[in-house]
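This report concerns only the one structure given below.
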Amino acid sequence: MLLELVLAVIFLWDGYFFLNYIISLFRNYRTKEWTPKVSLLIPAYNEGERVLKSIKAALGQDYPDFEVIVVDDGSEDNTFEVANSVKDPMLRVYRNEHSGKARALNFGLSKASGEIIVTTDADSELDENALKELVRRFYSNEVLGVGGQVRVMGSSFLERAQDIEHLRIAMFRRAKELEDLSLAPGPIAAFRREALERIGGFVEDIVEDYATTKAIKKLGKVVYAPRARVYTEMHNTLSKLWRQRKRWFLGDLKNLGGGFTKDWAFLLLGDFVALLDILVPPLLLALGRWELFLLWYGFEVITMLVPTVVEEGSLLNALLFPFIVWFWALFYLMLHVYGYVRLLLSRL
């Protein structure tokens, strides 16, 4: 009976977001048809091997009035030369002293002429409709920022796991943050220029996108544009993934607030469910409770299958999701415990 109750907790948690996701698909998706000038900023540091694809995707946008500004943040490789080799009247390339991503973005902001400022990364490729879909979501003057959907390129286990992770994030954002986004992600974010100027530009922080979103939300709304997509490269080794997520999580802990998914209550409740996700499936197998294991597997696949179809993901990812969610539960629980210990030690 205890196993059934624990399994019910997992189903209630996942089912809550799944049901809200289904409901969100029928909500009024508010947009406005207008075409203000857009300045697309691409900060780049040692991205000589990838920046060319990012620039070509940026220049290939189906949008009538935009410029692309690449800021080489003092790279030690050939990033500047590669970016500068592209000859296009809509592209400008600058070299700045190495000072971090936020300062590179602010340098680009100082050179920009657009009413809407969009950011992406040098290792990311925007979908051709990304600018159009971002701009359409500025449906009223109170909307000051818009974030899009991040997807991950690659086919290794870790890359596939990260794409599933971002697909799950897309599901949560549609379900709970369509009109109140907690994070406009750096690879695909848009802000009204005047709002950025009012907060003094992009916030200098180890998680500059989160900190900037939080500052913008003090002035107005930040919303989600699920139809605006970017495809990005992610780490394919566990050590690099750990270092990246450690930096993100420690930065998040300093900036908690700004939305349901960025509050302490959600964070700790999610950790509790993650612990159940880690313990329950192996326990069901060890005890020979195959009917409950198959119920768990089927439920997780179904809750992932619908968003996979809607958000144009891989069906194989949906079938693998129950196993990958176990990996992420273990990974993030370890990471969060590490972060909590670091936070407590820093306050002693």
GLY258 fails exactly one of (1) at pLDDT 85 or above; (2) outside any helix (DSSP H, G or I), namely (1)
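Looking at ASP14, ASP72 in this structure, which one is at negative phi, surrounded by 13 or more Cβ atoms within 10 Å (Cβ to Cβ) and not assigned by TED's automatic domain parsing to the domain that holds ALA190? Lay out the reasoning, then the answer.
On the way: ASP72 fails: not assigned by TED's automatic domain parsing to the domain that holds ALA190.
None of the others qualify; the one that does is ASP14.
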Mind checking whether some residue in segment 202-212 is surrounded by 24 or more Cβ atoms within 10 Å (Cβ to Cβ) and in a strand (DSSP E or B)?
no
Any residue in segment 327-348 that is in a helix (DSSP H, G or I) and over 20 Å from ARG245 (Cβ atoms)?
yes
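Considering only residues that are hydrophobic (A, V, I, L, M, F, W, C) and in a helix (DSSP H, G or I), which ones fall in segment 283-297?
Start the filter on segment 283-297 by keeping residues that are hydrophobic (A, V, I, L, M, F, W, C), which leaves 283-287, 290, 292-296.
Those that are hydrophobic (A, V, I, L, M, F, W, C) and in a helix (DSSP H, G or I): LEU283, LEU284, LEU285, ALA286, TRP290, LEU292, PHE293, LEU294, LEU295, TRP296.
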Selection from segment 46-68 of residues touching a helix residue (DSSP H, G or I) at 6+ places or on another chain (Cβ under 7 Å), buried (at least 18 other Cβ atoms within 10 Å of the Cβ) and without any contact (Cβ under 8 Å) to a residue 60 or more places away in the chain yields GLY48, ILE55, VAL68
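Could you tell me which residue of segment 126-153 is farthest from ARG174 (Cα to Cα), considering only residues that are part of a strand (DSSP E or B) and within 14 Å of the chain's Cα centre (by Cα)?
Looking only at segment 126-153, we keep the residues that are part of a strand (DSSP E or B), and these are 126, 143-152.
Filter once more, keeping what is within 14 Å of the chain's Cα centre (by Cα): 126, 146-152.
Values: LEU126: 20, VAL146: 13, GLY147: 12, GLY148: 11, GLN149: 10, VAL150: 13, ARG151: 15, VAL152: 18 Å.
Among residues in segment 126-153 that are part of a strand (DSSP E or B) and within 14 Å of the chain's Cα centre (by Cα), the one farthest from ARG174 (Cα to Cα) is LEU126.
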Of all residues in segment 282-309 being farther than 19 Å from ARG160 by Cβ and buried (at least 16 other Cβ atoms within 10 Å of the Cβ), which is nearest to the chain's Cα centre (by Cα)?
PHE299
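The values are calculated or read from the model by the stated rules, or taken from the named source; none is laboratory data. None of the values given here were measured: they were computed from a predicted structure. Methodologically, a virtual Cβ is constructed for each residue, glycine included, from the backbone with ideal geometry; neighbour enumeration extends over all protein chains shown.
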